[in-house]
Amino acid sequence: KEKRELEKAARERQKLQEQIQESELSLMDEGLNKELAKISLGYNKKIAAIKGGGKDEIAARNALGKEMKAKLDEFTVKYNSDRERKDVENALAVVKKGSQEELDLKLHQLELQREAEIDSAEKTGEDVFLIDEKYAKKRQELYEKHASDQVLLIAENAAHEQSIRDEEYIMDTLALKK
């Protein structure tokens, strides 16, 4: 009877701890720490649910602990990668079109895409060499487009300067005729 009461008290303490953790979680701001806390809480519940101190129970808890660490690491990498991708997209939205900074950001964005695709390919056993070739071609296309845009900009500026000189010439010619 006393043993049952102790077990009941332990279960109630465990429930209270879980409620406190969930309350703290709901009060956290959205972001990396909250997501990591959600993952940890889920795994900690699974670990706490394993009763006993035998060899198999200890092995199961250790396995869940390793799995939790892997999930936390994976989520952190994904979160940071997504954040970096969004930062580049936001920077591209405000940078001057046709500038070297725009080219650098687009190249960085392309590199992030390449890395994500390679990570995915390595998990499924796809050929990474072909992905590198694909992104090398895309990088070359970006350089060529940037160079082409620069040539067009130079031509537009030259045409504009020429029209200004033509107008000045006409004005000077009219002034001489008077």
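The values are calculated or read from the model by the stated rules, or taken from the named source; none is laboratory data. Small disclaimer: the values here were computed from a predicted structure and weren't measured. Note that we place each Cβ from the backbone using ideal geometry, even for glycine, and neighbour counts take in every protein chain shown. Just so you know, the surface numbers come from the protein's heavy atoms only, side chains and all, with ligands and any DNA or RNA stripped out. Shrake-Rupley method; radii C 1.70, N 1.55, O 1.52, S 1.80 Å.
Tabulated data
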| quantity | calculated |
| --- | --- |
| Degrees, to the nearest 10: 55-94 long Cα axis against longest axis of the chain | 20 degrees |
| Residue-normalised accessible area of the chain, expressed per residue, 1.4 Å probe, Å² | 78 Å² |
| Dmax and Rg, reported as Rg then Dmax, of region 99-178 (C-alpha, Å) | 23.7, 83 |
| Which label in (1) 19.8, 61; (2) 31.3, 121; (3) 15.3, 48 gives the computed Rg and Dmax of the Cα atoms in Å | (2) |
| Cα-based helix-to-principal-axis angle, 100-124 vs the chain, degrees rounded to 10 | 40 degrees |
| Alpha-carbon centroid distance for the pair region 8-70 / region 141-157, whole angstrom | 57 Å |
| Overall form of region 1-103 per C-alpha gyration tensor (a/c, 1.5; a/b vs b/c) | oblate |
| Given charges at Cβ of Lys, Arg, Asp, Glu: the chain dipole, positive-most of S40, F75, Q17 | Q17 |
| Residue-averaged 222 nm ellipticity for the chain, from DSSP H runs of 4+ at -39500 (n - 2.57), nearest 500 | -32500 deg cm²/dmol |
| Degrees between helix 32-49 axis and first principal axis of the chain (Cα, 0 to 90, nearest 10) | 20 degrees |
